[in-house]
Amino acid sequence: MTNLNSSRYHEVHAQSLADPEGFWGEAARDIDWIEPATKVFDPSMGLYGRWFVGGVLNTCYNALDRHVAGGRADQVALIHDSPLANSSGRSSVTKFTYAQMLHEVQMLGAVMQDHGVGKGDRVILYMPMVPEAMIAMLACARIGAVHSVVFGGFAAKELATRIEDAKPKLIFSASCGLEPGRIVQYKPLLDEAINLSGVKPDACIILQRPPHGCGLVAGRDHDWAELRSKAIAAKKAAACVPVLATDPLYILYTSGTTGKPKGVVRDNGGHAVALKWSMYNLYGITPGEVFWCGSDIGWVVGHSYIIYAPLFHGATSIMYEGKPIGTPDAGAFWRVIAEHKAVALFTAPTAFRAIRKEDPDGSFIRKYDLSKFRTLFLAGERADPPTVDWAEKQLKVPVIDHWWQTETGWCIAGNPVGLGQLPVKHGSPTVPMPGYKVEVVDEAAKPLPAGTMGSIVIKLPMPPACLPTLWEQDERCKEAYFNEFPGYYKTSDAGYLDEDGYVYVMGRTDDIINVAGHRLSTGGMEEILASHPDVAECAVLGIKDTIKGEVPCGFLVLKAGVERPVAEIEKEVVALVREKLGPVAAFKLAIAVGRLPKTRSGKILRGTIKKIADGEDWAMPATIEDPKVLDEIGTALKGRV
Ligand code: COA
Ligand code: AMP
């Protein structure tokens, strides 16, 4: 057994489970409340109980106003660093103090109110990684509106689905986003999405961003800078609108097992309490320090650790519009850490695989002063041991993997640096955080012994910040998470616990794949492939990729009588996924085959196809209808993967 005694973790975790109300009630003291909760946890409310019932607060107040009032007015709240926004080769850096950020947020909040947006109204953001995105998210929180950020790498149809579901009064967008060697024009995608959607927003506020401006639709679109100038002239400022702890702060859509995404709801109170708690106890950050989360605001990690948690804590947050490599080189991350004196970086393992490939000896690392840098945190996908090992050797700081889901809003299992770091075991994101009782069960919900793989479940109730429900879909939420294992939340991840209680997360039990830390549904991609007029049948699965972890690969069976060149159809299918789902899917490989391997009951043998594609050992499934099909698949894959 590992000696785990020097950390406070075990005592703290045990207390959180023995007395959840006492534990989280105490943590809630670090948040400013307008009215404290009448009940820390009410098991009779919601799908599994609700946190901080009766509590009244404002999330934006806790992120900004209280720090300005408390002596941090001149401290930098946000550093925006964009190697893509400056063609001179230097990075473009813009800083906002807490006072400046508050001023911008107050103004934009007032502009939104002028557009009729109030408490409970939904607002969609479809934006690149610019400070205005943070300003808009906080302005929503300030006036009690519910934001829903849609990742810029999603195509118009995905945005349309989210508009239909969230029914926003207002949409924030920009003329363009920047990707290496490519300007992403957001406006045509926004216009197409609004056309496709049965629900139309009352107004759109558009940031005209160099190098590419865009036309505005008369009567619907408004120029962001113009509205800002007018608001400054009129000295407009929105006050904080009190909301209930249980009111929604945001909706974040994530891939479901069908093409229709799930709108994960986040509340105000539990979110603020859990995230504030995490900043010191989990990440070891003290107020005033610089914290860098290298995700995108379109993902949960970006919501929690670029926008909210660092500001709840009075830290300085970095928003980075660039890549780990190529902007301009594999030293990009070390340049940002050194220049802004970041004490911690939180990113996905895929970024490190990309850096390692370009700079295996870590020569870029030694060009920068990383003396302030204390900890590297990884999440979003399994941190493969060789990558962790390389990062530890090169950086000579602790490398902490931690396990997350959009649904939970913060980490489920991690290594709490602030409570006292536990020994790192490569391949494990360490131990459950306070409030999470993680178990591994078989199909009959029977607990499995240490070391045995099964479904990972969390005993209800979930801790604060976790989803109370899916947006206007309680039944779908129950079906997706609570029905299969009564009394538990189903993570849809498979793995095991070891004898020290360390969690090992090995893969999903559903059709979700993880591409460069991005969560995607293969079922959703299959729906797109099947919509091609020449495709009779298809299967999409994730195959191994040395950088992105997994990439999707589509197998197509063409309709009888199709005589067009197969390569042409394969190309069309690839383009179709990019057009309908977006470039983020990284769907570059479609292979036409004569037939798909199936069981005698007609189920496609995706697991076996994947093993063949990954070059792993595989056994002939006993239930296969025709074993010869697998040889055909092997032949079709030759030279393609
Ligand atoms: N808007 C528009 N397009 C976007 C986009 C955005 N916000 N973000 C990504 N894309 C596009 C990219 O341009 C790329 O398009 P391409 O096919 O034309 O090249 C595609 O979507 C895939 O992007 P990405 O996943 O970023 O891959 P990449 O090949 O550009 O870079 C890595 C590879 C490993 C460097 C990159 O994936 C990375 O840094 N990952 C870290 C992931 C992360 O932090 N995840 C958050 C979870 S914690
Ligand atoms: P998302 O909701 O996009 O954050 O993706 C959540 C999924 O990513 C989880 O269900 C896991 O499958 C995977 N994941 C996230 N972090 C980790 C991790 N540290 N180790 C293993 N898998 C992870």
### Summary
Result of the Cβ filter at 7 Å on region 28-40, keeping first residues that are among the aromatic types (Phe, Trp, Tyr) and partners that are surrounded by 16 or more Cβ atoms within 10 Å (Cβ to Cβ) and not in a loop (DSSP other than H, G, I, E, B), at least 6 apart or interchain, is Trp33/Val56; Trp33/Leu57
### Message
Which count do you get for residues in region 297-336 that are out of contact with any Ser or Thr (no Cβ under 8 Å at 6 or more places or on another chain) and within 16 Å of ligand 2 (Cβ to nearest atom)?
### Response
4
### Message
Cβ-Cβ under 9 Å, sequence separation 6+ or interchain: first residue in region 399-414 and more than 13 Å from Lys425 (Cα to Cα) and assigned to a loop (DSSP other than H, G, I, E, B), partner charged (D, E, K, R) and more than 7 Å from ligand 2 (Cβ to nearest atom). Which pairs?
### Response
Thr406/Lys262; Glu407/Lys262; Gly409/Arg266
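Residues that are within 16 Å of ligand 2 (Cβ to nearest atom): which strands (runs of 3 or more DSSP E) entirely in region 505-599 hold 3 or more of them? First the steps, then the outcome.
Numbers: elements: 512-515, 518-521, 535-545, 549-558, 589-592.
In region 505-599, 512-515, 518-521, 535-545, 549-558 are the strands (runs of 3 or more DSSP E) which contain 3 or more residues that are within 16 Å of ligand 2 (Cβ to nearest atom).
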### Query
Mind checking whether some residue in region 369-378 is more than 15 Å from ligand 2 (Cβ to nearest atom) and of a type in the set (Gly, Ala, Ser)?
yes
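Give region 433-490 a look and list any residue that's aliphatic (A, V, I, L, M), within 25 Å of the chain's Cα centre (by Cα) and assigned to a loop (DSSP other than H, G, I, E, B), or say none.
Going through region 433-490, the residues aliphatic (A, V, I, L, M) turn out to be 433, 438, 440-441, 444-445, 448, 450, 453, 456-458, 460, 462, 465, 467, 470, 480.
From the residues that got through so far, the ones that are within 25 Å of the chain's Cα centre (by Cα) too are 433, 438, 440, 456-458, 460, 462, 465, 467, 470, 480.
Passing the criteria: Met433, Leu460, Met462, Ala465, Leu467.
Among the residues of region 377-407, what is the count of those that are of a type in the set (Val, Ile, Thr) and within 13 Å of ligand 1 (Cβ to nearest atom)?
So the count comes out to 2.
Just wondering, is there one or more residues in region 81-98 that are closer than 30 Å to Gln473 by Cα and surrounded by 19 or more Cβ atoms within 10 Å (Cβ to Cβ)?
Just the residues of region 81-98 that are closer than 30 Å to Gln473 by Cα, to begin with: none.
No - not one qualifying residue is present in region 81-98.
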### Summary
When every residue in region 397-420 that is within 15 Å of the chain's Cα centre (by Cα) and of a type in the set (Val, Ile, Thr) is compared, the one nearest to ligand 2 (Cβ to nearest atom) is Thr406
### Task
Determine which member of the set Leu378, Leu345 is touching a Pro at 6+ places or on another chain (Cβ under 7 Å), closer than 30 Å to Lys437 by Cα and among the aliphatic types (A, V, I, L, M).
Leu378
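Got a sec? Which strands (runs of 3 or more DSSP E) wholly within region 262-355 have at least 2 residues that are more than 16 Å from ligand 1 (Cβ to nearest atom) and either surrounded by 24 or more Cβ atoms within 10 Å (Cβ to Cβ) or not assigned by TED's automatic domain parsing to the domain that holds Cys60 (or both)?
Strands (runs of 3 or more DSSP E) meeting the threshold: 262-267.
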### Search result, residues across region 444-474 that are among the hydrophobic types (A, V, I, L, M, F, W, C) and surrounded by 15 or more Cβ atoms within 10 Å (Cβ to Cβ)
Ala445, Leu448, Ile456, Val457, Ile458, Leu460, Met462, Ala465, Cys466, Leu467, Leu470, Trp471
### Query
Which residues, taken from region 492-513, are within 16 Å of ligand 1 (Cβ to nearest atom), at pLDDT 95 or above and not aliphatic (A, V, I, L, M)?
Asp493
### Query
Restricting attention to region 196-216, which residues are assigned to a loop (DSSP other than H, G, I, E, B) and loosely packed, with under 15 Cβ neighbours inside 10 Å?
Gly198, Val199, Lys200, Asp202, Pro210, Pro211, Gly213, Gly215
### Query
In the set Leu581, Leu637, Leu529, Leu605, which member is of a type in the set (A, V, I, L, M, F, W, C), under 30 Å from Gly152 (Cβ atoms) and out of contact with any Asp or Glu (no Cβ under 7 Å at 6 or more places or on another chain)?
Leu529
### Query
Can you pull out the residues in region 563-580 that are more than 24 Å from Leu189 (Cα to Cα) and surrounded by 14 or more Cβ atoms within 10 Å (Cβ to Cβ)?
Val566, Ile569, Glu570
### Task
Hey, can you tell me all the residues within region 581-599 that are more than 16 Å from ligand 1 (Cβ to nearest atom) and surrounded by fewer than 18 Cβ atoms within 10 Å (Cβ to Cβ)?
Ile591, Gly594, Arg595, Thr599
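The values are calculated or read from the model by the stated rules, or taken from the named source; none is laboratory data. If you're wondering where the values come from, they're calculated on a predicted model, not measured in any experiment. Using ideal geometry, Cβ is built from the backbone for each residue, glycine included, and neighbour counts are taken over all protein chains shown.
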